[in-house]
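The values are calculated or read from the model by the stated rules, or taken from the named source; none is laboratory data. The structure presented is a predicted model; accordingly, all values stated were derived computationally and were not measured. Glycine also receives a Cβ, built like all others from the backbone with ideal geometry; neighbour counts cover every protein chain displayed. Areas reflect the complete protein model, heavy atoms only, side chains present, ligands, DNA and RNA absent. Shrake-Rupley method; radii C 1.70, N 1.55, O 1.52, S 1.80 Å.
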Amino acid sequence: MRKNLDFDTVSSFILTGKGKERKPMENLTISQVSRMYDVTPRMLRHYEKLGLIEARHCEEYAYRMYDERAVRRLQQIIILRKLRLPLKEIAILLEDTWQSESLRLLQGRLAELDDEIDALTLIRRLLKQLSERLSESRKRQLHFDLLEDATLLEIAGTLAFPKTTIKENTSMEELNKAGEVLNKTLPVRLLRLPPFTVAAYQFIGENPEETAGDVVTRFVQESGLYEKKPDARMFGFNHPNPGILENDVYGYEIWVTIPEDMEVKAPLEKKKFPGGLYAVLTIRFPEFQFWEKLSRWADESPDFQPDYSELGLEIMGGCLEEHLNGVYDAHNGGKENGIPGQLDLMLPVKPRVK
């Protein structure tokens, strides 16, 4: 007889690949939790900032600690993220006592998934038709000409004559809709950054992104950078990357572009950036899992290939994270401006040798 699975059992299957007894988890450090669930410390701190999980400080420990309740909530967040739910909706699901709003959200997601399934079914059917025609043409040793293929001609004809249908009553409108639903291919764009001068600050230790960000924010405000250079941009990257130093300590370095003649005082440092070609993907903070997808895109691109820095992992291979609207936000003290937090993930590339 099939047993009902509770959330803890499902969590164990999804997170570990197998069911196992749940053990109490108390006073876990951010590094321990990060390793256990393959979640970056940066992501954990963001979850805290959003109020999704809560860390506490104990007298016996110098760093933030996570109790069993925080870890269990993290498990739930990870599972719901794997189910493609955004953090705003996850926050509602975790706090919705009466669960009426949760039901509405989940039903909405199911409807979206049904649309994707319908779109995939349509596109699969059309691709199968073309594949069968190509296979038959090869058997007959005939050249299959896409420009002359009747099915494609009928699809194209619906652009001018909307009432015309193609084989199996598939209209161009249906195909367009399917394309819109499934337009989930990675929207990578290519961007050549010009040479520029930056004010840079690096911090190594706990919460390196926040600490470096605070220093750079003060610099932006005290120097009046936004008034002097309203097109100033902000970049960041791990330096050194996690795993380079002992005890999972890592650093983060932030750049802000400045006028070439601008004075920069310690602790910031004035640097020259030579520019370069980058594959760029825009994400909403903190969707850093897209780094892996962008890296795979560069590895599989027929036209471009990664052009990582010789310094390698120490500086993320020369990859950058541009904090969109970062200088403006720093100028305003990080106050809410109605613009969602966005970053450009930037991976250095060069034309692929063919």
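At 25 °C and 0.890 mPa s, grab the translational diffusion coefficient of segment 266-342 from Stokes-Einstein with a Kirkwood Rh over Cα pairs, rounded to a whole number in µm² per second. Walk me through the intermediate numbers first.
On the way: Rh = 15.0 Å.
Calculated translational D: 163 µm²/s.
Over all pairs of different C-alpha atoms, segment 36-125 has a mean inverse distance whose reciprocal, the Kirkwood radius, equals 15.2 Å.
Going by accessible area, probe 1.4 Å, with all protein chains left in place, what is the ranking of THR257, THR282, largest first?
Details: THR257 5, THR282 60 Å².
Ranking THR257, THR282 by accessible area, largest first, yields THR282, THR257.
Among 72-78, 106-112, the peptide with the highest mean count of other Cβ atoms within 10 Å heads the list, and the full ranking is 72-78, 106-112. Surface composition of segment 228-354: carbon and sulfur atoms hold 50% of the protein heavy-atom accessible area at a 1.4 Å probe.
With the contact rule set at Cα under 8 Å and sequence spacing of 6 or more, what percent relative contact order holds for segment 201-293?
Dividing the mean separation by the residue count of segment 201-293 yields 29 percent.
Measure up LYS228/LYS350; LYS293/LYS350; LYS82/LYS350 against 23 Å on the Cα-Cα distance and list the ones that go over. From the list (LYS228/LYS350; LYS293/LYS350; LYS82/LYS350), the Cα-Cα distance tops 23 Å for LYS228/LYS350; LYS82/LYS350.
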